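Working notes for the structure below.
Every read-out reported here was derived from the displayed coordinates using simple, explicitly stated rules and does not represent laboratory data. Model, not experiment: these values are computed from the prediction. Please note: Cβ atoms are built from the backbone with ideal geometry, for glycine as well, and neighbour counts cover all protein chains shown.
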Amino acid sequence: MSAQLSVLVVEDEAPQREVLVYNLEAEGYHVQQATSGDAALDLAREDAPDLILLDWMLPEVSGIEVCRRLKSAPETRSIPVIMISARSEEVDRVRGLETGADDYVVKPYSVVELMARIRTQLRRVRPASVGEILEFGDIQVNSEEHRVFRAGAELHLGPTEFRLLTTFMERPGRVWSRDQLLDRVWGRDIYVDSRTVDVHVGRLRKVLRGATGTDDPIRTVRGAGYALG
Ligand code: CA
C-alpha cells in the first residue's frame with residue numbers, strides 16, 4: 001500500500017470548499033485547504049501536494065495567476081493542476097492563455113466526473129497509487145499484488161522497502177531528499193529520524209543487489225539524497 005495521496009483545495013467560498021473537502025476525504029485523500037492564491041502558493045511549495053484543485057475566481061491573486069506561478073516554479077511545476085471555473089467561456093480562456101493547467105472543470109460539475117479526472121491525473125504522476133505496474137530496467141513492481149521482480153525472479157521486501165521502491169520507480173532519475181522520502185513513505189504526521197531513511201534504503205539495496213549479484217540501481221547523491229538510476 002502506498003502512502004496516502006494529498007490534494008490541495010484552493011477555493012475562497014466556504015460551501016464549495018466544504019463539498020470538495022468532504023468528497024475528497026471520503027475517497028481517502030489527505031486534504032489541505034487554501035482560501036487565497038498566496039496561501040495556495042505557500043502550501044504548494046512547502047508541502048508538495050500530489051494534486052491541486054484550483055478555483056478560477058479567487059480574491060487578489062486569481063486562479064489563473066496562481067496556476068501560471070505554480071507551473072513556472074521548478075519545485076511545483078510537476079504537480080497536476082485541475083482548474084475549476086464557473087463558466088465555459090472561462091475554460092476557453094484558460095486554454096487560450098496556456099497557463100499550463102492539466103485539466104479543467106466547469107461549475108456546476110459532477111463530483112463523480114471530477115473524482116475520475118483527479119484519478120486520471122494521479123495515474124500519470126503517481127501510477128503505483130492506482131495499481132499500475134511499474135518497470136525500470138529489469139525491475140518490475142506490481143503494486144496491486146504487492147509483488148516485486150528483478151530479472152524475472154521474485155524479491156521479498158518489507159512494507160517500508162516496498163513503498164520506498166515504489167516511490168523511486170514512479171519517478172526514475174528524480175533526486176529525493178530524506179525529508180521528501182519521509183513524507184512520502186512514512187507519512188506527513190509521523191516523526192521518524194532521517195537516519196531511518198538510510199537504514200531502509202540500505203535494506204532495499206541489499207535485496208535488489210541480491211537478485212543479480214552486483215548491480216545497485218539506487219544512487220546516493222551527496223548532500224541531496226537518493227535517486228533511482
Ligand atoms: Ca471562488
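Residues whose amide H falls under 5 Å from that of residue 51, counting only those 5 or more places apart or on a different chain, are 6, 8, with hydrogens built in the peptide plane.
Legend: Rg and Dmax of segment 111-225, from Cα coordinates, 14.9, 50 Å.
Full extension of the segment from residue 147 to residue 179, taken as 0.36 nm per residue of separation minus the current Cα-Cα distance, would add 8.9 nm. Cβ crowding within 10 Å ranks 71, 206, 107 as 206, 107, 71, fewest other Cβ atoms first. Here is the P(r) of the chain: all C-alpha pair distances, binned every 10 Å from 0, give 7, 31, 31, 20, 9, 1 in whole percents. When +1 charges are put on Lys and Arg Cβ atoms and -1 charges on Asp and Glu Cβ atoms, the dipole computed for segment 149-205 relative to its Cα centre reaches about 160 debye. Peptide packing for 9-21, 108-120 was compared via the average number of neighbouring C-beta atoms within 10 Å per residue; ordered from the highest value, the list is 9-21, 108-120. Charge dipole (Cα centre; +1 on Lys/Arg Cβ, -1 on Asp/Glu Cβ; no other charges) of segment 5-138 amounts to roughly 320 debye.
Entry note, the chain: the mean residue ellipticity at 222 nm calculated from DSSP H runs of n ≥ 4, each adding -39500 (n - 2.57), is -12500 deg cm²/dmol after division by the residues and rounding to the nearest 500.
Sorted by average packing, counted as other Cβ atoms within 10 angstrom per residue and highest first, what order do 178-184, 159-165, 196-202 take?
159-165, 178-184, 196-202
Taken about its Cα centre, the chain carries a charge dipole of about 960 debye when Lys and Arg each add +1 at the Cβ and Asp and Glu each add -1 at the Cβ.
Across every direction, the projection of the convex hull enclosing the Cα atoms of segment 6-125 has a mean area of 6.4 nm². Subtracting the Cα-Cα distance of residue 135 and residue 42 from 0.36 nm times their residue separation leaves 30.1 nm of extension gain. Annotation: the residues 186, 176, sorted from fewest to most other C-beta atoms within 10 Å of their own C-beta, follow the order 186, 176.
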